[in-house]
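K.L.:
Have a look at this one.
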Amino acid sequence: MESQVFTALSVETLPDRLGGNAVLKAKIGADSSHWSVREVGDGNLNLVFIVTGDQGAAIVKQALPYVRLVGESWPLPLKRSFFEYHALTRQAARDPGMVPEIYVFDEAQALIVMEYLTPHVILRRALIDGRALPRIGRDLGLFAARTLFRGSDLSMATREKKADLALFADNVELCDITENLVFSDPYFEAALNRHTTPQLDPIVAELRADRDLKVEAQRLKHLFSAKAETLCHGDLHTGSVMVTDDETRVIDPEFAFYGPISFDVGMLIANFWMSYFSQAGHETAPGARDGMRAYLLDTIETLWETFRAEFAHLWHTERKGILYQASLFEDRGDPLAAEQALAIVVDEIWREMLGFAGIEIHRRILGLAHNADFETIADPDRRAPCETRALKLGRHLAVNRQRIHSLRDIRETVERLEKEILA
Ligand code: SR1
Ligand code: MG
């Protein structure tokens with residue numbers, strides 16, 4: 001980049017501004033006068049361009065100094081691009097091939113030039129369209145286990161982990177978004193909240209008066225802010241995953257922070273349950289999406305079982321950090337102690353994960369940042385029952401998480417809710 005002063009790119013200025021970049025030219029073609037540029041950003045925060053040259057294409061993602069969804073009245077620091085870059089490099093090392101390749105990072109311009117994933121589509125969009133992707137449960141379960149285990153004190157050298165913790169501790173403003181938008185705003189009349197009204201008004205009032213729920217939401221916020229266990233993606237939902245039938249890639253880790261292992265897993269699984277409840281709003285005839293519904297619940301089970309199995313595998317093969325040392329367990333001829341500790345750790349992840357999932361469901365229906373699964377159901381009378389069922393599941397998960405023992409139990413609850421006749 002020619003200038004150190006941040007300037008937002010545009011479709012018109014991008015070829016001139018980046019035309020001198022040797023790495024980009026080598027990737028897509030040296031003659032920038034032949035580049036075509038499209039702005040395709042549909043997220044809440046950033047500019048995203050596809051730049052196509054004579055030899056190929058690349059993505060240029062640039063942070064803006066404010067929240068795009070809201071506008072300049074909500075400033076947001078450009079340094080989120082720095083955290084995204086560093087999170088991507090760590091995820092690439094911890095689960096190779098699962099994140100886009102980075103070509104260029106320009107900190108002053110808050111931009112990352114990266115691999116253009118094609119013919120990939122956003123997973124959320126594919127699920128809305130009723131596409132059953134065969135690999136995602138396994139790929140995402142592996143990604144979660146590998147990145148979360150390998151970013152923690154179970155695996156990392158403690159000096160390296162503490163240095164990384166200090167680096168990501170500065171991602172304050174993005175954590176602040178989650179702390180407010182996810183854990184608090186849904187449970188009171190926050191200014192930017194919205195919901196399907198008047199259809200959801202009664203259940204919204206009920207949830208906001210629910211003492212047990214509010215206490216659980218704050219306990220989970222406490223975990224989010226205090227349990228700096230591993231480097232989390234921080235915004236791992238189905239809009240942060242790109243897919244084909246053969247490949248799964250995870251994008252957009254600008255919310256990366258050191259938090260609970262359970263956080264990413266809970267956020268991700270919540271989005272599959274929301275997809276499940278949204279299917280009734282997308283099917284062309286009652287029951288037409290039954291196959292999709294079964295696929296979504298199966299995918300959740302595959303994802304969790306894969307996560308659990310891979311986490312256990314890494315526990316047995318890569319537990320080189322300061323926690324639960326083999327020198328205390330296996331090396332003393334007591335492998336069962338390591339098994340006992342593993343069972344306790346996984347059980348804790350399970351209970352926390354359920355809580356985070358419940359809260360994520362609530363915030364996508366009651367807060368500022370909704371998701372397309374429900375938003376694309378145009379008729380509010382059709383959307384509201386889908387959202388109501390999801391809200392009920394969210395409450396059940398958050399409040400009863402200490403007493404829920406298996407995904408089979410949750411499957412029964414989900415399928416019962418789906419059949420419930422709502423007043
Ligand atoms: C103001 S940002 C709203 C949401 O968009 C991001 O994708 C995160 O999910 C955040 O909570
Ligand atoms: Mg994002």
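K.L.:
Restricting to segment 198-257, name every residue that is more than 16 Å from ligand 1 (Cβ to nearest atom), of a type in the set (Val, Ile, Thr) and either modelled with pLDDT under 95 or open to solvent by less than 10 Å² (accessible area, probe 1.4 Å) (or both).
P.N.:
VAL204, THR230, VAL243, THR248
K.L.:
Can you tell me which residue in segment 22-76 is farthest from ligand 2 (Cβ to nearest atom), limited to those that are farther than 20 Å from GLU12 by Cα, among the small types (Gly, Ala, Ser) and assigned to a strand (DSSP E or B)?
P.N.:
SER73
K.L.:
Name the residue that is nearest to ligand 1 (Cβ to nearest atom), counting only residues in segment 70-93 that are farther than 22 Å from VAL5 by Cα and not hydroxyl-bearing (Ser, Thr, Tyr).
P.N.:
If we take residues in segment 70-93 being farther than 22 Å from VAL5 by Cα and not hydroxyl-bearing (Ser, Thr, Tyr), then VAL70 is nearest to ligand 1 (Cβ to nearest atom).
K.L.:
So, of the residues in segment 180-197 that are charged (D, E, K, R) and assigned to a loop (DSSP other than H, G, I, E, B), which turns out to be most open to solvent (accessible area, probe 1.4 Å)?
P.N.:
Within segment 180-197, the match that is most open to solvent (accessible area, probe 1.4 Å) is GLU189.
K.L.:
Looking at segment 77-87 only, could you name the residues that are of a type outside the set (A, V, I, L, M) and more than 15 Å from ligand 2 (Cβ to nearest atom)?
P.N.:
Just the residues of segment 77-87 that are of a type outside the set (A, V, I, L, M), to begin with: 77, 79-86.
PRO77, LYS79, PHE82, HIS86, listed by residue number.
K.L.:
Taking segment 310-340, which residues are within 20 Å of HIS405 (Cβ to Cβ) and open to solvent by less than 60 Å² (accessible area, probe 1.4 Å)?
P.N.:
Result: PHE311, ALA312.
K.L.:
Pick from ARG403, ARG383: which is out of contact with any Ser or Thr (no Cβ under 7 Å at 6 or more places or on another chain) and of a type outside the set (A, V, I, L, M, F, W, C)?
P.N.:
ARG403
K.L.:
Considering only segment 228-282, state which residues are assigned to a helix (DSSP H, G or I) and among the aromatic types (Phe, Trp, Tyr).
P.N.:
Correct list: PHE263, PHE272, TRP273, TYR276, PHE277.
K.L.:
Out of the residues in segment 27-39 that are under 21 Å from ALA110 (Cα atoms) and open to solvent by 60 Å² or more (accessible area, probe 1.4 Å), state the one that is nearest to the chain's Cα centre (by Cα).
P.N.:
Step by step, filter segment 27-39, then rank; the result is GLU39.
K.L.:
Could you please give the count of residues in segment 342-379 that are open to solvent by 20 Å² or more (accessible area, probe 1.4 Å), farther than 17 Å from LEU148 by Cα and among the acidic types (Asp, Glu)?
P.N.:
Total meeting the criteria: 2.
K.L.:
So, one more: Restricting to segment 139-177, count the residues that are surrounded by fewer than 15 Cβ atoms within 10 Å (Cβ to Cβ) and part of a loop (DSSP other than H, G, I, E, B).
P.N.:
Going through segment 139-177 one residue at a time, the tally reaches 3.
K.L.:
Right, next: Which ranges mark the helices (runs of 4 or more DSSP H) fully within segment 305-423 that have 3 or more residues being within 20 Å of ASN193 (Cα to Cα)?
P.N.:
335-366, 372-375, 380-400
K.L.:
Further question: Taking the condition away from ligand 2 (no atom under 16 Å from the Cβ), under 21 Å from ARG146 (Cβ atoms) and not acidic (Asp, Glu), does GLY291 pass? Walk me through it before giving the result.
P.N.:
Details: away from ligand 2 (no atom under 16 Å from the Cβ): yes; under 21 Å from ARG146 (Cβ atoms): no; not acidic (Asp, Glu): yes.
So GLY291 fails the test.
K.L.:
Determine whether segment 276-286 contains at least one residue that is touching a strand residue (DSSP E or B) at 6+ places or on another chain (Cβ under 8 Å), open to solvent by less than 20 Å² (accessible area, probe 1.4 Å) and over 18 Å from GLY151 (Cβ atoms). Outline the logic, then answer.
P.N.:
To start, the set of residues in segment 276-286 that are touching a strand residue (DSSP E or B) at 6+ places or on another chain (Cβ under 8 Å) comprises none.
No; the residues of segment 276-286 include none that is touching a strand residue (DSSP E or B) at 6+ places or on another chain (Cβ under 8 Å), open to solvent by less than 20 Å² (accessible area, probe 1.4 Å) and over 18 Å from GLY151 (Cβ atoms).
The values are calculated or read from the model by the stated rules, or taken from the named source; none is laboratory data. Small disclaimer: the values here were computed from a predicted structure and weren't measured. As a convention, Cβ positions derive from the backbone with ideal geometry for all residues, glycine included, and neighbour counts pool all protein chains shown. Heads up: the accessible areas ignore ligands, DNA and RNA and are worked out on the full protein's heavy atoms, side chains in. Shrake-Rupley method; radii C 1.70, N 1.55, O 1.52, S 1.80 Å.
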